[in-house]
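S.K.: Here it is, the structure in full.
Every number here is computed from the coordinates shown, using simple stated rules; none is lab data. For clarity, every value in this text was computed on a predicted model and none was experimentally measured. For neighbour counting, all protein chains shown are included, and Cβ atoms are generated from backbone atoms with ideal geometry for every residue, glycine included.
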Amino acid sequence: MAMNTLPAHVRPANPMYRAPRTAGGDLYNGHATPRAKQRWAVDQIVNVGFIKGLVVKARVLTPGDGRPDIWALWQPSTNRFYQFQPHLGLTRVDSLAEAMEA
């Protein structure tokens, strides 16, 4: 009988057997994969680089263009608005409406 046909709780420990890699903090070969340390949801506080205490105001979906979604952020201490796209950067804008433009 092939090893992969045995249930996981019966399968013998074999260093040659590699568990499939799963995202989201599950175990991968005995090591936990890291989870995000911030919750990117509306009204949650996040940090982007050296700018701390940004409040997520909206998420603007950008389907079909192959680019990440846009996040509209607000910094309460300075009353400034920002537009953030992962891997593309953080841009300061004048208003929430401008931050939500795709």
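S.K.: Averaging the inverse of every distinct alpha carbon separation and then flipping it gives the Kirkwood radius. What is it for the range 45-99, in angstrom units?
M.R.: 11.3
S.K.: Next question. Please identify which residues in the range 48-70 have an amide N closer than 18 Å to a label point set 7 Å out from the Cα of Val93, following the Cα→Cβ vector.
M.R.: In the range 48-70, the label zone of Val93 (backbone N under 18 Å from the point 7 Å along Cα→Cβ) covers 48, 54-70.
S.K.: Which residues' amide hydrogens lie under 5 Å from the amide hydrogen of Val93, considering only partners 5 or more residues apart or on another chain, with H built in the peptide plane?
M.R.: Phe81, Tyr82, Gln83
S.K.: With each pseudo-label sitting 7 Å past Cα toward Cβ, what's the Ile51-Gln75 distance in nm, one decimal?
M.R.: It works out to 0.6 nm between the two label points.
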